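Here's the structure we're looking at; comments come further down.
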């Protein structure tokens, strides 16, 4: 128990640190077992979600039980080579992700409106 207390002590973590990691640049054919092998070395994992659609392939979310395990994983796995691909491991940030989603949603709405009213932004 003392090692845990020493490790966690009064360590202040940066505000972006959280238990959910966003992983990019994964091989498209990586399996869940391989993900658990790689990320499980750094602590107990609650969930791994690997992207399967055209837009999300090569990405995954890894959720750790403990925030300190997540930080250790980011520190050790950023730039880690998997099948000749270097992993990009980031802390998931809801605000950044939702901004991307909102922008895409707005673009889709604009396209629908243009289609509905026969308006084009392209020069003729």
Spin-label point model (7 Å from Cα, Cβ direction): what's the residue 88 to residue 36 distance in nm? 2.8 nm
Could you put 90, 21 in order, starting from the residue whose Cβ has the fewest other Cβ atoms within 10 Å? 90, 21
Restricted to Cα positions, what overall size does the stretch 31-101 have along the principal axes? Three whole-Å values, descending. 32, 27, 21
Taking R0 as 35 Å, what's the FRET efficiency between residue 57 and residue 117 from their Cβ-Cβ distance, rounded to 0.05? 0.50
By per-residue mean of other Cβ atoms within 10 Å, what is the highest-first order of 63-72, 23-32? 63-72, 23-32
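Values in this text are rule-based calculations from the coordinates and carry no lab data. Model, not experiment: these values are computed from the prediction. Heads up, the Cβs are rebuilt from the backbone with ideal geometry, glycines too, and the neighbour counts pull from every protein chain shown.
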